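Remarks on the structure that follows.
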Amino acid sequence: MDAIHISTVMDKKDFQRLADKISSGSASEKEVALYNYYYNKFQENVVWDESAFEEKYDIEKALHTRIIKDLPEYRSKVRKFRYAKAAVAAAVLIAVSIALLTRNQLSESTQIVHVEKQQEHDIDPGRNKAILTLSDGTVLNLDESQEGVLAEQGMVQVKKTEDGKITYTTVGKQLNAAVSDNVFNTITIPEGGKYQLTLPDGSKVWLNSSSSLKFPVAFSNESRMVELEGEAYFEVVSMLRDGENGAKKRPFIVKTPTQQIEVLGTQFNVNAYSNEDLIKTTLIEGSVKISSRGVNKVLKPGQQAQLTNTGSLRLVENIDTEEAIAWKNGMFYFNNTDLSTIMRQLSRWYNVEIDMQQMPQKKFNGELSRNVKLSQVLQMMEMTSGLKFKIEERRISMVK
């Protein structure tokens, strides 16, 4: 997409008209970028020119009234900007939106000076990074490996594609021996990492930071089973085999330490981090069965199974599926999300420690790209809450 060049000189009426279009969701990508330009100028200069742009509080109040009036519609319109890839512009728009939605006011001059100090210790976002451990104990650093064949295990080749993904491909018998069902590989995603791989049956898996997946190099004739710790998004292909009674589907099973998920062909997300209060399985498409301690639940699209630490399994209807898979789409998505949950997400993605003892009980709404530096995420949160954060080495704490 071509870069957007801004040469417009804006007066008070122009700015009010632009703010109105953004708040109604009718602004074009160029208009969002124009708003972003002037907002950034305000950030850089700290001073809000009231003679040109009206009193900032009045504009925020007007925007707030419009946004609150049709909040669900507003959220859907904001997502359009995301899919249009107006990344920087959308980030600023979202930041302002969160501030309005939470009705918190904060002195920008204080906040901006604070963020500038953070830049000295800023931290980059996560990236494609993973370790693959083969059945013989060989360890491959995938982010450093060259594209092409990385290993051969019986009749299966492990390849790294040009776009950095890992695939398992069955080839001819020239690779000597068939692969046993008991030959497993494990892919481990460290903090600050993510990765995508294609399993031997063609199913695709996206793995979030601080996660691991253990899987066979070749699936058996009876089932396809993998073991997950952490978070992953699955696109499972339907598998058939010939038997005495004709074709038969082989179920795909995802095991976590406390539950089992059985599918035939579907798309779903599993969040099974050990430091979260709930294990969440969110169904996007198809059907899955969740089993835990003798309790079974069948999910339909848009439902989420929640397993508590005490073993209670419940279904939640009408889940916002975009929230569940935002990480896979490169976004942070906060929907009345408490601060401690957000901080755990930041800890995994930016590979930092969090001083959780100081964190107050606050909740946030909004969306933001995961491809920004840590200070930018904290800046957005400061704008909406009145809180102040600091980065020291690789540790986030509150400023009292």
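The values are calculated or read from the model by the stated rules, or taken from the named source; none is laboratory data. Given the structure is predicted, the values throughout are model-derived calculations rather than measurements. Note that each Cβ is placed from the backbone with ideal geometry, even for glycine, and that neighbours are counted across all protein chains shown.
Quick look at the numbers
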quantity: T321 being under 20 Å from P125 (Cβ atoms), polar (S, T, N, Q) and touching a residue at least 24 places away in the same chain (Cβ under 8 Å); calculated: no
quantity: Count of residues meeting criterion [under 18 Å from the mean Cα position of the chain (by Cα) and among the small types (G, A, S)] in region 272-312; calculated: 3
quantity: Residues of region 347-396 satisfying the condition of being of a type in the set (G, A, S) and in contact with a helix residue (DSSP H, G or I) (Cβ under 6 Å, 6 or more places away or on another chain); calculated: G366, S369, S375
quantity: Tally, over region 360-369, of residues that are within 15 Å of M343 (Cβ to Cβ) and out of contact with any Leu (no Cβ under 6 Å at 6 or more places or on another chain); calculated: 5
quantity: Residue that is modelled with the highest pLDDT [pool: residues in region 167-189 that are in contact with a Lys or Arg (Cβ under 6 Å, 6 or more places away or on another chain) and over 12 Å from A218 (Cα atoms)]; calculated: T186
quantity: Pairs with Cβ under 6 Å, 6+ apart, first in region 210-236 and among the basic types (K, R), second surrounded by fewer than 22 Cβ atoms within 10 Å (Cβ to Cβ) and assigned to a strand (DSSP E or B); calculated: K214/F184; K214/T186; K214/E227
quantity: So I319, is it buried (at least 16 other Cβ atoms within 10 Å of the Cβ), assigned by TED's automatic domain parsing to the domain that holds S210, within 17 Å of A232 (Cα to Cα) and hydrophobic (A, V, I, L, M, F, W, C); calculated: no
quantity: Inter-residue pairs, beta-carbon under 8 Å, first on the phi > 0 side of the Ramachandran plot and in region 385-397, second part of a helix (DSSP H, G or I) and at pLDDT below 90, 6+ apart; calculated: E393/H121
quantity: Out of K328, K280, sole residue that is of a type in the set (D, E, K, R) and assigned to a strand (DSSP E or B); calculated: K280
quantity: Region 363-381, subset in contact with a strand residue (DSSP E or B) (Cβ under 7 Å, 6 or more places away or on another chain), over 13 Å from P125 (Cβ atoms) and not aromatic (F, W, Y), residue surrounded by the fewest Cβ atoms within 10 Å (Cβ to Cβ); calculated: K363
quantity: Of the criteria (1) under 22 Å from Q260 (Cα atoms); (2) surrounded by 16 or more Cβ atoms within 10 Å (Cβ to Cβ); (3) aliphatic (A, V, I, L, M), which one V298 fails; calculated: (2)
quantity: Yes/no for T384 being hydroxyl-bearing (S, T, Y), modelled with pLDDT under 90, touching a strand residue (DSSP E or B) at 6+ places or on another chain (Cβ under 9 Å) and in a helix (DSSP H, G or I); calculated: yes
quantity: Residue match in region 209-228 (condition: in a strand (DSSP E or B), in contact with a helix residue (DSSP H, G or I) (Cβ under 8 Å, 6 or more places away or on another chain) and at pLDDT 95 or above); calculated: no
